[in-house]
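A quick write-up on the structure given underneath.
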Amino acid sequence: MSLQFVVDGLLTGSMIGLGAIGVTLTYSILRFSNFAHGDFMAWGTYATLAVVSAIGAMFGKVAPIGPLSFGWPLLVALVVGMAFTALLALLLDKVLFSRLRSQGQAIIVVMASFGASMALRSLLEFTFTSRPTYFSRAIQIAMPVGFGIRITPDQIALLLLTATLVLGVHLLMTRTQTGRSMQALSQNAALARIVGIDVASVVRVTWIIGGALACVAGVMIGVLVQIRPFMGFDMLLPMFAAAILGGIGSIPGAVLGGLIIGLAEAGAVQLIGAEWRAAVSFIILMAVLFVRPIGLFGVRER
Amino acid sequence: MSETVLDVRDLEAGYEPGVPIVRGASITVRKGEIVVVLGPNGAGKSSFIKAIAGLVPITGGTVFLDGRDITAAPAHTMVRLGLAFVPQTENIFPLMSVEDNLRVACGILERREIPGRIEEMYAAFPDLVRQRRTAAGNLSGGQRQMLAVARALIVHPKVLVLDEPSAGLSPKFVSMVFEMLAGIRKSGVTILLVEQNAKAALAIGDRAYVLVEGKDRHEGIASELWNDPVVAELYLGQRPQLHKGGAA
């Protein structure tokens, strides 16, 4: 068995993990499973693609950075895309989720997120067609790094970006007043208000972080695989599996869960064939729910 | 007579419209006092105090804190207005460390003031220092109550409001909690508390109100209320032995 699956798995795992952070935050703070989270990914990616195209139209062809397949336009576009996705999440919360949340029944919000997911996805198909597209069609040569493993410069850059973002979010959650407020709200919403936490503003921060990271995960898929309206929806099961495997509410758990699922998928492709790839998250999800429903880093609700 | 800190007039409150639990209750709390609200089970004591803290919708009456109308203020603005509330149960964040429990409550303090304020709380509650890195959920019942009170005091409230601070504690901790409250009052903090444990609460209180069916029915000096036959009637459901009336 070639060790190449480690690189493939870490990359897939990064995409899943970044998405799962948003899923786990929404679940623990807003108390519902947001099925539209995958579509935030796709919208963020198309927004980033649109900005890349706009920059291309204004500045002409821009040389890529060093050995990478992309230049500064993608980095600028990514930041714009992250802001756009955060705004999209905030807007959807304002017009849809927050109204239903105030009625106090989580299942209604979950169903609404299903609907929003379908609407968002269909809008993308309508606007951009379902034909796959790419940030760059340039082919990168993978460098051998020993043990039979090959990795492209893009892949290294994206792994580093993931590590930086995860560390950043972890520090935000544990070292800042905003992060402590988010933890407080997820543990006891009534007490959070009593100690002076403005729930509405914490909810906004949650959507901003979740949306922005969803966009990054989508762009990673766009750079390494391809861009399709279904790209986020297809990630939904692995993301939920990762969030649940890691323990709902845990950021390190979501990331580790993502990496485990990514590695398991990549390993399964080698061992039993690519057609079973999608089954892996499903099996892991079932196993976690049977054996340890609170996940790796989860804590029993009192 | 010293100035009024908290003035509650004809308060009506309840979770559902048309079904008030608190039905026209009035109390005043003066600066530096400990005021106790007593009452039989189901008298609406807890809803009364939660309504003051902004946690139960108010449908009538007013709440003034230091002369300012806080009747419609949302719960999360109460600490800024000067009212710190300690709920009866689930009054700490169980997965956060003791120190983070204190720090998360410091949102309204100046950033540079926070470390010193946390140390002051540790000085006042030495039991908590050793546990500063412990997850608050692992504390004993008495320590949890200390942490909850410390967390409320850290923002310099004008009035500290507690919902049954002795509930669910073993007798040893009950006396510890009431000693703690007496000590806090000595440091100049005004306290309003609802209690089921009437004897212990009256022992440290200055004045007390008896709440029955959502209304304040009797008021008096705490040390005299324990032997007041009207209280016995209202609170324990006994027949009055000496005289009727006297309801406030």
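Laboratory data are not the source of any read-out in this text; all were calculated from the coordinates shown. Every value quoted in this text rests on a predicted model; they were computed, and no experiment measured them. Reconstructed Cβ throughout: ideal geometry from the backbone, glycine too, with neighbour counts over all protein chains shown.
Given an 8 Å cut-off on Cα distances and at least 6 residues of separation, report the relative contact order of segment B:1-145 as a percent. If you can, show how the numbers build up before the last one.
On the way: 194 pairs, mean separation 28.7, N = 145.
Relative contact order of segment B:1-145: 20 percent.
Here's the picture: charge each Lys and Arg Cβ at +1 and each Asp and Glu Cβ at -1 in chain A, and of A:L68, A:V7, A:G246 the one pushed furthest to the positive end of that dipole is A:G246. With Rh defined as the Kirkwood radius, the inverse of the mean 1/r over Cα pairs, the Rg/Rh of the protein assembly as shown is 1.09.
Name the residue farthest towards the positive end of the dipole of chain B from the options B:Y209, B:H156, B:A73, assuming +1 on Cβ of Lys and Arg, -1 on Cβ of Asp and Glu, about the Cα centre. Of the options given, the answer is B:H156. Per-residue Karplus couplings for segment B:176-186, computed as 6.51 cos²θ - 1.76 cosθ + 1.60 with θ equal to phi - 60°, are listed in order as 5, 5, 5, 4, 4, 5, 4, x, 5, 4, 4 Hz, Gly and Pro entered as x. Directionally averaged projected area (segment B:4-236, Cα convex hull): 12.1 nm².
Each residue of segment B:214-224 is assigned a 3J(HN,Hα), and the resulting list reads x, 10, 7, 9, 7, 9, x, 6, 3, 5, 8 Hz, derived from the Karplus form 6.51 cos²θ - 1.76 cosθ + 1.60 (θ = phi - 60°), x at Gly and Pro.
For a 27 Å ceiling on Cα separation, which of these pairs sit above it: A:K94/B:K45; B:K50/B:K199; B:K172/B:K199; B:K50/B:K158; B:K31/B:K199; B:K45/B:K199?
On the way: A:K94/B:K45 36 Å; B:K50/B:K199 23 Å; B:K172/B:K199 15 Å; B:K50/B:K158 17 Å; B:K31/B:K199 23 Å; B:K45/B:K199 16 Å.
Beyond 27 Å between Cα atoms: A:K94/B:K45.
Of the residues A:F32, A:S102, A:G211, the one whose Cα sits farthest towards the positive end of the charge dipole of chain A is A:S102 (charges of +1 on Lys and Arg Cβ, -1 on Asp and Glu Cβ, taken about the Cα centre).
Mind checking B:100-107 for the average number of partner chain beta-carbons within 10 Å of each residue's beta-carbon?
That works out to 6 on average.
When 1/r is averaged over all different Cα pairs and the result inverted, which Kirkwood radius in Å belongs to chain A? Kindly include the intermediate steps, with their values, before the conclusion.
Values: mean 1/r = 0.0508 Å⁻¹.
Averaging 1/r across every pair of different Cα atoms and inverting gives 19.7 Å.
At 222 nm, what value in deg cm²/dmol follows for the protein assembly as shown if DSSP H runs of at least 4 each add -39500 (n - 2.57) and the sum is divided by all its residues, to the nearest 500? Mind dumping the intermediate values first?
Numbers: 22 runs with 289 residues, N = 550.
Taking each H run of at least 4 residues, the total per residue is -16500 deg cm²/dmol.
Of A:A242, A:A217, A:A189, which is the most mobile in a GNM of chain A whose springs link Cα atoms less than 10 angstrom apart? Among A:A242, A:A217, A:A189, the largest GNM mean-square fluctuation belongs to A:A189.
With both bridge residues required to lie in chain B, what share of the DSSP beta bridges run antiparallel, to the nearest 5%?
Numbers: 23 of 40 bridges.
The antiparallel fraction comes to roughly 60 percent.
The rule of thumb for compact globular proteins, 2.2 N^0.38 Å, goes into the C-alpha radius of gyration of segment A:69-147 1.63 times. Backbone amide hydrogens, once placed in the peptide plane, bring B:Q88 within less than 5 Å of B:D163, excluding anything fewer than 5 places away on its chain.
Taking the square roots of five times each eigenvalue of the Cα gyration tensor of segment A:177-276, the equivalent ellipsoid has semi-axes of 33, 16, 9 Å, listed largest first.
For B:D66, the residues whose modelled amide H falls within less than 5 Å of its own, excluding neighbours fewer than 5 places apart on the same chain, are B:L6, B:D7. Normalised by the number of residues in chain B, the average gap of Cα pairs under 8 Å and 6 or more apart makes the relative contact order 26 percent. Candidate cross-link partners of B:K186 among the aspartates and glutamates, defined by an alpha-carbon separation under 18 Å and a same-chain spacing of 8 or more, comprise B:E3, B:E33, B:E120, B:D206.
Let me have the relative contact order for chain A, percent, based on Cα pairs under 8 Å that are six or more residues apart.
Values: 493 pairs, mean separation 112.0, N = 302.
Reported relative contact order: 37 percent.
Applying the Karplus relation 6.51 cos²θ - 1.76 cosθ + 1.60 with θ = phi - 60° to segment A:116-126 yields 3J(HN,Hα) values of 4, 4, 4, 5, 4, 5, 5, 4, 5, 4, 5 Hz, where x marks Gly and Pro. The dipole here belongs to the protein assembly as shown: it is taken about the Cα centre, uses +1 on the Cβ of Lys and Arg and -1 on the Cβ of Asp and Glu, and is about 560 debye.
Specify whether the C-alpha gyration tensor of segment B:142-230 places it in the rounded, prolate or oblate class, a ≥ b ≥ c being the square roots of the eigenvalues: rounded for a/c under 1.5, otherwise prolate if a/b is larger than b/c and oblate if not. Each step should come with its number before you reach the end.
Details: a/c = 1.83, a/b = 1.50, b/c = 1.22.
Taking the square roots of the gyration eigenvalues as a ≥ b ≥ c, segment B:142-230 is prolate.
Taking amide hydrogens as placed 1.01 Å from N in the peptide plane, the amide H of B:R217 sits under 5 Å from those of B:V210, B:L211, B:V212, each at least 5 positions away in sequence or on another chain.
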